[in-house]
Ligand code: DC
């Protein structure tokens, strides 16, 4: 089968990474979660007490650091796998702040395009993949779900992990991140041209994956 590039975009909590991972696995493609780069940069700011809008200091740090965005949801900072530190709400909000900065976005986009260039085929997920990073992707998906559905999924996920959840806080966190991601000046979250939109609100993961795999297999013939 021919290898292809698949771009998956959509808002927070829509299930992009879960779905991208399964699809990449079934189609024997590399899976890369680009949000990890923005999370890593948010984490760097928190750790080093750099202000989220201090673009120059962030870039100075990045130019001296070694960041490796790896397949299967792993990111290394100066050779250390820091992925497990990046899933807190604090880091999520920090990531959405640094993701507003033009030069930071350019830094991340360049890094992500280099990764894709060196692969015969890739499944990449984020907010600007079909519109910027992989503008020429063979297949583009835009996943959506209502805010309530996404909050309910997050609450279930955390409860299953045995974590205490504050439902209102989770809902507000998603609303805040949506607003920041779609209203930012530089490459906001949009449905890319030619993207296939799938509303996942009333679909299971399997149903979404099935739809996407069928379309991908057509392209891979
Ligand atoms: O997908 P995620 O929630 O892990 O992403 C973290 C933040 O990074 C989120 O606020 C959106 C931003 N992001 C982005 O602006 N562009 C991407 N390609 C990926 C993520």
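What follows draws every value from the coordinates through simple rules; no lab data is involved. Everything numeric in this text was worked out from a predicted model, so none of it was measured. Cβ atoms come from the backbone with ideal geometry, glycine included; neighbour counts cover every protein chain shown.
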| task | Among the candidates 29, 36, single out the residue that is within 30 Å of residue 200 (Cα to Cα), crowded, with 21+ Cβ neighbours inside 10 Å, more than 16 Å from the ligand (Cβ to nearest atom) and touching a residue at least 12 places away in the same chain (Cβ under 8 Å). | result | 29
| field | Scan of region 120-133 for residues that are surrounded by 15 or more Cβ atoms within 10 Å (Cβ to Cβ) and over 14 Å from residue 190 (Cα atoms), ordered by number | value | 121, 122, 123, 124
| task | Only residues that are in contact (Cβ under 8 Å) with a residue 60 or more places away in the chain and either closer than 28 Å to residue 148 by Cβ or in a helix (DSSP H, G or I) (or both): list them for region 210-221, please. | result | 212, 213, 215, 216, 217, 219, 220
| field | Filter result for the condition that a residue is surrounded by fewer than 16 Cβ atoms within 10 Å (Cβ to Cβ) and out of contact with any helix residue (DSSP H, G or I) (no Cβ under 9 Å at 6 or more places or on another chain), over 79, 63, 48, 72 | value | 79
| query | Just for strands (runs of 3 or more DSSP E) wholly inside region 106-209: which have at least 1 residues that are within 11 Å of the ligand (Cβ to nearest atom) and touching a residue at least 12 places away in the same chain (Cβ under 8 Å)? | reply | 122-126
